[in-house]
Structure formats: structure tokens, C-alpha cells
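Working notes, beginning with the structure itself.
The values are calculated or read from the model by the stated rules, or taken from the named source; none is laboratory data. Since the structure is predicted, the reported quantities are computational estimates derived from the model, not experimental observations. We place every Cβ from the backbone using ideal geometry, glycine too, and count neighbours over all the protein chains shown. Surface areas here come from the heavy atoms of the whole protein model, side chains and all, with no ligands, DNA or RNA. Shrake-Rupley method; radii C 1.70, N 1.55, O 1.52, S 1.80 Å.
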Amino acid sequence: MAIHSLSKRERLCSLKLIDRLFNGAGSQSMAAFPLRVVWMEKERGEQEIPVQLLVSVSKRHFKRAVKRNRVKRQLREAYRLAKQPLSEKLEETPHRAVVLAFIWLADDLYPSQEVAVCMDKLIRRIVEKI
């Protein structure tokens, strides 16, 4: 798989896993405004991908779908470019996987560069904790 790609398999789609992420006891959370990440470690199956991602932008923050979609695009792009340290760390431990949910906290739009800096900061902190 290419280093700087974001495939469909990397997206978190399982409702059971999403429920476990937000309601389970094993999840952790940290913030770097305007982002918050909720994450948990889990056992990785034979064909599973090491990192799965969920991006959420609330309608409470942006009423217009155009703005919500812009922020989601920014988050996915920032993750795509900053995910390499996390992927490398998880390749060292083949039986572990991480599930991530990035949540937008701000009511304002931010430049893509600021979003990328926050994303990079959060990913580095997750890598340190694993």
C-alpha cells in the first residue's frame, strides 16, 4: 500500500467498533484545538488494516454542508500526510491495531496548514502512548 494514500479499507465503517470506541472503557481522548481525537487499541485480525479512521464534523458547528465537507476534506488530507509515524509504529507490533475518530471542535474554518499542524501533533502524541 502506498504511504501517502487513504483507502476505503482505512475508513472506520463498523457500527459495533464505533460504538465500542465511544462507549467502551478502553478508549482514550486528547485535544489540540480545533481537533479532538478519540482512540483505542484493539487486536488485529489476519487481514485487518492497522489503523482505521473516522472523521466527524457536527452540524452544530457548521449548518451548511459545504463547510462541513470542506473541513472533513481538510482532516482527511492532514491525516493522509501525517499518518506515516503511526503506521510504522504499528507495523512493529503485528497483532495490534488502532481505531481513531477525529472530531472538529471549532465553530470557525481554519487554514489547511493549521489543521495539518494540529493533526501532526495529535498523531505524535498517540505514537508516544502506544
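List the relative contact order of the chain as a percent without decimals, with contacts defined as Cα pairs under 8 Å and 6+ residues apart. Could you put the intermediate results ahead of the total?
Working: 183 pairs, mean separation 45.9, N = 130.
That works out to 35 percent.
Whole-Hz Karplus ³J(HN,Hα) for region 75-81, in order, using 6.51 cos²θ - 1.76 cosθ + 1.60 and θ = phi - 60°, x for Gly and Pro?
5, 5, 5, 4, 5, 4, 7
Looking at this model, which pairs from LYS63/LYS121; LYS89/LYS129; LYS42/LYS89 are more than 21 angstrom apart at the alpha-carbon?
Result: LYS63/LYS121 exceed 21 Å.
Quick one: what are the phi-derived ³J(HN,Hα) couplings along region 55-67, Karplus 6.51/-1.76/1.60 with θ = phi - 60°, whole Hz, x for glycine and proline?
Computed from phi, the couplings for region 55-67 are 10, 9, 10, 6, 5, 5, 7, 10, 5, 8, 5, 4, 6 Hz.
Check which residues have an amide H placed less than 5 Å from LEU100's amide H, if you skip close sequence neighbours.
Amide H neighbours of LEU100: GLN52, LEU53, LEU54.
Between VAL66 and GLN28, take the C-beta separation as r, use R0 = 25 Å, and let me know the FRET efficiency to the nearest 0.05.
Calculated value: 0.15.
Just the number please: accessible area per residue for region 1-91, 1.4 Å probe, all protein chains included, in Å².
In whole numbers, region 1-91 has 61 Å² accessible per residue.
Of the listed values (i) 41, 29, 26; (ii) 47, 35, 27; (iii) 37, 35, 24, identify the label whose number matches Cα extents along the principal axes in Å calculated from this model.
(i)
To the nearest 0.05, how large is the calculated FRET efficiency for HIS95 and SER56 if R₀ is 25 Å and r is the Cβ-Cβ distance?
0.35
Rounding to the nearest 20 debye, state how big the charge dipole of the chain is about its Cα centre with +1 on each Lys and Arg Cβ and -1 on each Asp and Glu Cβ.
Details: 26 positive and 15 negative charges, 148 e Å.
So the dipole magnitude of the chain works out to roughly 720 debye.
Loop only by DSSP, 16 or fewer other Cβ within 10 Å of the Cβ. Give me the GluC sites (Glu not before Pro) in region 16-64 that pass, ordered by residue number. Present the calculation step by step, with values, prior to reporting the outcome.
On the way: sites: GLU41, GLU43, GLU46, GLU48; in loops: GLU46, GLU48.
In loop regions of region 16-64 (DSSP not H, G, I, E or B), the sparsely surrounded GluC sites (Glu not before Pro) are GLU46, GLU48.
Can you give me the % of accessible surface on the chain that is carbon or sulfur? Probe 1.4 Å, all protein chains present, nothing else counted.
Carbon-and-sulfur percentage of accessible area, whole number: 50.
Based on DSSP H runs of at least 4 residues, each adding -39500 (n - 2.57), what is the mean residue ellipticity at 222 nm of the chain after dividing by all its residues, to the nearest 500 deg cm²/dmol? Let's see the in-between values first.
On the way: 4 runs with 54 residues, N = 130.
Value at 222 nm, helices only: -13500 deg cm²/dmol.
Compute the longest continuous run of the chain that contains no exposed trypsin sites (Lys or Arg not before Pro); treat a site as exposed when its DSSP state is not H, G, I, E or B and it has at most 14 other Cβ atoms within 10 Å. Spell out each step's value before the answer.
Values: sites that count: LYS59, ARG60, LYS63, ARG64.
The longest uninterrupted stretch comes out as 65-130.
Evaluate the distance, in nm, between pseudo-label points positioned 7 Å from the Cα of LYS8 and of ILE130 along their respective Cα→Cβ axes.
2.5 nm
Among VAL51, VAL117, ALA97, pick out the residue whose Cα is farthest towards the positive end of the charge dipole of the chain, where Lys and Arg carry +1 and Asp and Glu carry -1 on C-beta, about the Cα centre.
VAL117
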